[in-house]
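As structure tokens, the structure follows; a few thoughts come after it.
The values are calculated or read from the model by the stated rules, or taken from the named source; none is laboratory data. Owing to the predicted nature of the structure, the values given are computational and were not obtained by experimental measurement. Here Cβ is always computed from backbone atoms with ideal geometry, including for glycine, and neighbour counts include all displayed protein chains. Heads up: the accessible areas ignore ligands, DNA and RNA and are worked out on the full protein's heavy atoms, side chains in. Shrake-Rupley method; radii C 1.70, N 1.55, O 1.52, S 1.80 Å.
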Amino acid sequence: MPSTVPAAAPGTTPGALSGAPRQPLLHWFLPTGGDGRDPGGVTAVQGRTDAATRRPADIGYLSQVARAAEQAGFHSLLTPVGLGCVDPWILTAALAQHTTDIGFLVAFRAGFASPTLLAQQADAFRRFAGGRLRLNVVTGGDPVEQRAYGDHLAHDERYARTAELMAALRALLAGRDADHEGAHFRLEGARLVDPAVQHPVPLYFGGASPAAEDVAAGHADVQLLWGEPPAAIGERIARLRAKTEAVRGESASLRFGLRLHVIARDTAAEAWAEADRILSRLDPEAVRQSQARFAAMDSVGQARMAALHGGSADAAKLEIAPNLWAGIGLVREGAGTALVGSHEEVAQRLYEYRALGVDEFVLSGYPHLEEAYRVGEEVAPRLRALVDAADAPAHRKEAAGENVRPAENAHHIEAAGA
């Protein structure tokens, strides 16, 4: 039985998308493994310290973080997935009852449940939470953790399975029947009963390997990137755009999101003093053990993060680009870089990434409660002002009736259901 849920057809974008926002979307992170002033392990059980988990990840505290992010103007909350995290589906369903408007970017591990079951969960969530759902499809890059879940596939096989799952999941959420026979899933007559298709669910995806980029080009709405120097981000965006156009056609659009930590203060000196404090609190043995664990992973993205600092805790070597600091990645898996500086400097660096083609930012800071207010109230308005100022000449020409070329990123379009 051949699959009826292939990658998006040439000339189309996979998700139901509309609009053309000038301003980037800003998301915040939920510390579901515990929170504190210092970084630590996130998705795995290793690397947790008392300082990093001083505030337990209970519904009381996480609802405070969610409401703070909502009040500070963030669009949605990224909820991680892994052995060291509470279950994202159950947590976000609970937090939806403690918030009003903020969305949830729910991460799940591809391949641990059938596409049909995942579609049912997502459809129920979007129905009962008023459409406040985005999905972050996580393939997994730590073989040790994957085996703990019962998954023994090799790296590229995992991404092939992810591609099958994303195609079937998208069809089901769009209200179509899904018959699929592939190497990893066989679905016959899969469908949702009266799906809430008025709330499209964008699919976010991450991965830096060639296999991952093929999946992004064929199936993702938003490709998530971890914070690297601007030149590296620009190169990845250009390559992924070319791959996407080759698969979907020239009119296709793949949005890009950047995952970063933020250490912003009124002055640059204050911000770097906080970075120095964090660095001084890192246990050398915890750094050694964390780096050994990261080195055993088969994640290309994790390898790229580790290469930025090389395992060195030398403060002079950790600023790898203007205001981009790699100290977080000494102990934290995944996103390991932070923008450090005054509110103005951090906003300027974010704007520079925006000019490269980054459409969305997933931000965080320690502790996540207080920093949600700080970043939302101090950095976000400055970033929006920079975008408005850059767009002002084009808007004046449009108002005067002149024919102006679209801005470089005007073809990037907002995901509906926001």
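Count charges around residue 79 for me, please; just the other residues with Cβ under 11 Å from its Cβ, Lys/Arg as +1, Asp/Glu as -1. My count for the surroundings of residue 79 gives 0. Of the solvent-accessible surface of the stretch 135-197, computed with a 1.4 Å probe over protein heavy atoms with every protein chain present, carbon and sulfur atoms account for 48 percent. The mean sequence separation of alpha-carbon pairs under 8 Å and at least six residues apart, normalised by the residue count of the stretch 50-118, gives a relative contact order of 36 percent.
Here the relative contact order of the chain, from alpha carbon pairs under 8 Å that lie six or more residues apart, stands at 23 percent. Computed on protein heavy atoms with a 1.4 Å probe, the accessible areas place 353, 373 in the order 373, 353, largest first. Near residue 199, no amide H atom lies under 5 Å from its own; only residues 5 or more places off or on other chains count, and H is placed 1.01 Å from N.
Report the charge-dipole magnitude of the stretch 85-217 in Debye, nearest 20, computed about the Cα centre from +1 at each Lys and Arg Cβ and -1 at each Asp and Glu Cβ.
Working: 12 positive and 16 negative charges, 80 e Å.
It comes to approximately 380 debye.
Taking the charge dipole of the chain about its Cα centre, with +1 at Lys and Arg Cβ atoms and -1 at Asp and Glu Cβ atoms, the residue from 205, 167, 284 reaching farthest to the positive side is 167. Surface calculation, 1.4 Å probe, protein heavy atoms: residue 294 sits at approximately 10 Å² accessible. Distant-in-sequence amide contacts of residue 107, defined by a placed amide H-H separation under 5 Å and a gap of 5 or more residues or a different chain, comprise 79, 136. Note on the stretch 262-338: with neighbouring protein chains present and a 1.4 Å probe, carbon and sulfur make up 56 percent of its accessible heavy-atom surface.
Would you mind getting the accessible area per residue of the chain, heavy atoms of the protein chains only, 1.4 Å probe, in Å²? It would help to have the intermediate numbers written out before the result.
Working: 16420 Å² over 418 residues.
On a per-residue basis, the chain sits at 39 Å².
Working note: Karplus 6.51/-1.76/1.60 with θ = phi - 60° gives the stretch 179-188 the couplings 10, 8, 10, x, 6, 10, 9, 10, 10, 10 Hz, where Gly and Pro are set to x.
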